[in-house]
Amino acid sequence: MAEAGRGMLKALNPLGKLVVCFVWLAASVLVFDARFQLAAILIPSLALIVLNRTPPLVVLALMVPFSLFGFGFLTTSVLFRQESDFALRMAGESPLASPAFSAGVTLFLRALACGMISAFFALTTDPGALVRALMVHARLPPRIGYSLFAAMQLVPDLAAEAQQMRYARAMKSGRRLRRLPGPGELVSLVIPLLAFAIRRAGRTAIAMEARGLAPDAPRTITQAPVFRRRDAAFVLVALAALLLCGIAVVVDPAS
C-alpha cells in the first residue's frame with residue numbers, strides 16, 4: 001500500500017498538485033490561527049511519510065531551515081514587539097499566553113507550514129514532468145521550457161566537472177583529496193566552472209537552433225502529463241481537508 005501511495009503521488013499531474021499547494025499556502029498566510037498552522041504542517045508531513053515513504057528524519061531535517069526562519073519571527077514578536085496590529089488583534093482571541101507570544105508562535109508555525117507544503121510539492125513532483133505539463137497545458141513557450149531542461153542537465157554536470165577537477169588537482173599535487181573542499185579550493189574552482197558553463201550554454205543554444213526551435217513551429221511533446229480521475233480525486237480530497245480544517249477553527253468555541 002505504501003508503494004502504491006508513493007507511485008500515486010508521483011503519477012499525479014504536477015499542475016493539479018501545484019494548484020492545491022498554492023491554495024494551501026494562501027490559506028496558511030491568511031488564516032492566523034496556531035491550530036490551523038499545525039494542521040498545515042502535519043498533513044503534508046504525514047503524506048510524505050506514509051504515502052511517499054520519505055524517512056521521518058528527512059522530514060525533520062527539512063523543517064530545520066524553516067524553523068530557523070520562523071524562530072526569527074518568534075523572537076522579533078516577543079522581544080522587540082514589532083508585530084502588526086492585525087496579528088495582535090487575531091492573536092488576542094486565541095487561548096495562548098500573551099498577544100506577543102501568541103503572534104510569534106503563530107508566525108513560527110506559519111513558516112513551518114509554508115515550508116512543509118513546498119517540500120511536499122518538491123519531493124513528489126518530477127521537474128521534467130512539471131515543465132512538460134506547463135508547456136502543454138499552460139502554454140509555456142518552448143524556448144523557456146527547453147532552456148529549463150538544459151539547466152536541469154547542467155547542474156549535475158557542473159558537480160561532476162568540479163569533482164573531476166578536484167581529482168586532477170589532488171593527483172597532480174600528490175595530496176589526499178578532502179571530502180569537503182575548503183574556501184580556497186572553492187574560490188579556485190569558480191573560474192573553470194564558469195568557463196565550462198559558458199561553453200555548455202553556447203553548445204546548447206546552437207543545438208536548439210539547429211533543431212528548429214522556432215516560436216510558432218509545430219512540435220510534439222512526448223510523455224506529457226494528462227489529467228485523470230485520480231487528479232480530480234486528489235484535488236477534491238486536498239481541498240476538502242483544507243475546508244474541514246478551516247471549519248474546525250471557525251466553529252471551535254475556544255478560537
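Number of residues in the range 189-200 that are of a type in the set (Gly, Ala, Ser) and either surrounded by 14 or more Cβ atoms within 10 Å (Cβ to Cβ) or in contact with a Lys or Arg (Cβ under 8 Å, 6 or more places away or on another chain) (or both) equals 1. Counting the residues of the range 169-182 that are surrounded by fewer than 10 Cβ atoms within 10 Å (Cβ to Cβ) and more than 18 Å from Leu158 (Cα to Cα) gives 5. For the range 58-168, the helices (runs of 4 or more DSSP H) that sit wholly inside it and include 3 or more residues that are modelled with pLDDT of 75 or more are 99-124, 127-137.
Yes/no matrix, rows are residues, columns are (1) touching a helix residue (DSSP H, G or I) at 6+ places or on another chain (Cβ under 7 Å); (2) loosely packed, with under 13 Cβ neighbours inside 10 Å; (3) closer than 11 Å to Ile117 by Cα:
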{"site": "Leu9", "(1), (2), (3)": "yes, no, no"}
{"site": "Cys21", "(1), (2), (3)": "yes, no, yes"}
{"site": "Ala34", "(1), (2), (3)": "yes, no, no"}
{"site": "Ala40", "(1), (2), (3)": "yes, no, yes"}
{"site": "Ala47", "(1), (2), (3)": "yes, no, yes"}
{"site": "Pro56", "(1), (2), (3)": "yes, yes, no"}
{"site": "Ala61", "(1), (2), (3)": "no, yes, no"}
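Scanning the range 175-223 for residues that are on the phi > 0 side of the Ramachandran plot and either touching a Leu at 6+ places or on another chain (Cβ under 9 Å) or modelled with pLDDT under 80 (or both) yields a single hit, Gly212.
The values are calculated or read from the model by the stated rules, or taken from the named source; none is laboratory data. Predicted model only: the values in this text are computed from it and were never measured. Counting neighbours? That spans all protein chains shown, and the Cβs are built from the backbone with ideal geometry, glycine included.
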